[in-house]
1. In this structure, is Gly199 surrounded by fewer than 21 Cβ atoms within 10 Å (Cβ to Cβ) and either over 29 Å from Arg301 (Cβ atoms) or touching a Gly at 6+ places or on another chain (Cβ under 6 Å) (or both)?
2. Determine whether region 61-77 contains at least one residue that is touching a Phe, Trp or Tyr at 6+ places or on another chain (Cβ under 6 Å), within 25 Å of Glu298 (Cβ to Cβ) and of a type outside the set (Ser, Thr, Tyr).
3. Which members of region 271-297 meet the condition of being within 26 Å of His173 (Cα to Cα), touching a residue at least 40 places away in the same chain (Cβ under 8 Å) and in a loop (DSSP other than H, G, I, E, B)?
4. Mind listing whichever residues of region 306-317 are over 21 Å from Ala163 (Cβ atoms) and in contact (Cβ under 8 Å) with a residue 12 or more places away in the chain?
5. Which residue out of Ile300, Ile268, Ile311 is part of a helix (DSSP H, G or I), hydrophobic (A, V, I, L, M, F, W, C) and farther than 26 Å from Val47 by Cβ?
6. One residue is enough: does region 132-153 have a residue meeting the conditions of a type in the set (Phe, Trp, Tyr) and surrounded by fewer than 24 Cβ atoms within 10 Å (Cβ to Cβ)?
7. Looking at region 206-222, which of the residues that are over 16 Å from Ser20 (Cβ atoms) and of a type in the set (A, V, I, L, M) is farthest from the chain's Cα centre (by Cα)?
8. Among the numbered criteria (1) at pLDDT 95 or above; (2) on the phi < 0 side of the Ramachandran plot, which one does Ser196 miss?
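The values are calculated or read from the model by the stated rules, or taken from the named source; none is laboratory data. What you see is a predicted model, and the numbers here were worked out from it, not measured in a lab. No Cβ is skipped: glycine too gets one built from the backbone with ideal geometry, and neighbour counts run over all protein chains shown.
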Amino acid sequence: MTKTAIRSDVQTFLDLWNASPLARMEDLPVGQVRALIGRARAAAPPVTHDLAIVRDFAADVSGRSLGMRFYDARAERSPGPLVIYYHGGGFVLGDLESHHALCVALAEQLDLPVVAVDYRLAPESPWPAAPDDAEAAARWLAAHGRDALGREIAALVLAGDSAGANLAAVVAHRLRDRPATIPVAAQFLSYPCVDSAGGTRSRKEFADGLYLTGACIDWFYNQYAAPAGDPRFDLLRFDQAGMPPTVLVTAGLDPLRDEGRAYAGALIAAGVPVTYQEVSGNIHGCFSMVAEIPSTAEDIRRATAALRATIAATSLF
């Protein structure tokens, strides 16, 4: 890799990031990492938008309260798909605030209702708490979304980035094998974590200095504590036949790039319709960092255009 492969605004962000304590978060307690991220977020300008609805609510899911946030550009709408969004953060970090700007952009650009899910995090709640919550939330929204959102939901679109993309695919697999009360129209996976084994060229080539490091990946996975090879974590360990049409995006300078490519290939080999995009010169996590990396806004627009086309091509509408 050469410096010329990195976008200028990505390099500006990395120069600041690599000088901060968070660049070595694996050396810090989880609570301190979350506090540092929270302070940085509090100092950032608020997200502005023209959405008609941004509303928090809680669902009684499997005997516990699960927080969610509902976004919609329209106060009322005809029956159609609901996007369920699972945030990234290595199964350890992230919440409804960390991906708020991205969910606003998705609701605006897709012109669809979006619900973000605040699933439980490790190490307080290790695997399988996150996939349990993710699946339970999808089933609850399929069954109760009409009353909770005031929308007639015709299908689900399961979406997420990084760890959240892993959860979206895990839920899509579970709903393939035991369908919810409404069908899944598509999955939208941004730079997913796919395979706990690592060993790919990108995991080695981009292991240091590019935001998500090899040491940080190990830190996340050790706290998540998912068993290697379990299909509710390792996405290549289950049969991909019958998975929903997929838009899959990788980042060119991401250590997880090659496993995302491999997962796209596995879906294609199983006959699943796939639109694959790679955002060149960009890093892991970029979709939730438009304020820091402005060029990412165009990457998101390109990805949402592909998702709109994928949804339109299904036979559900």
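1. Values: surrounded by fewer than 21 Cβ atoms within 10 Å (Cβ to Cβ): yes; either over 29 Å from Arg301 (Cβ atoms) or touching a Gly at 6+ places or on another chain (Cβ under 6 Å) (or both): yes.
Yes.
2. For region 61-77, residues touching a Phe, Trp or Tyr at 6+ places or on another chain (Cβ under 6 Å), within 25 Å of Glu298 (Cβ to Cβ) and of a type outside the set (Ser, Thr, Tyr): absent.
3. Those that are within 26 Å of His173 (Cα to Cα), touching a residue at least 40 places away in the same chain (Cβ under 8 Å) and in a loop (DSSP other than H, G, I, E, B): Pro273, His284, Gly285.
4. The answer is Ala306, Arg308, Ala309, Thr310, Ile311, Ala313, Thr314, Leu316, Phe317.
5. The unique qualifying residue is Ile268.
6. Yes, the conditions are met somewhere in region 132-153.
7. Filtering region 206-222 for residues that are over 16 Å from Ser20 (Cβ atoms) and of a type in the set (A, V, I, L, M), the one farthest from the chain's Cα centre (by Cα) comes out as Ala207.
8. (1)
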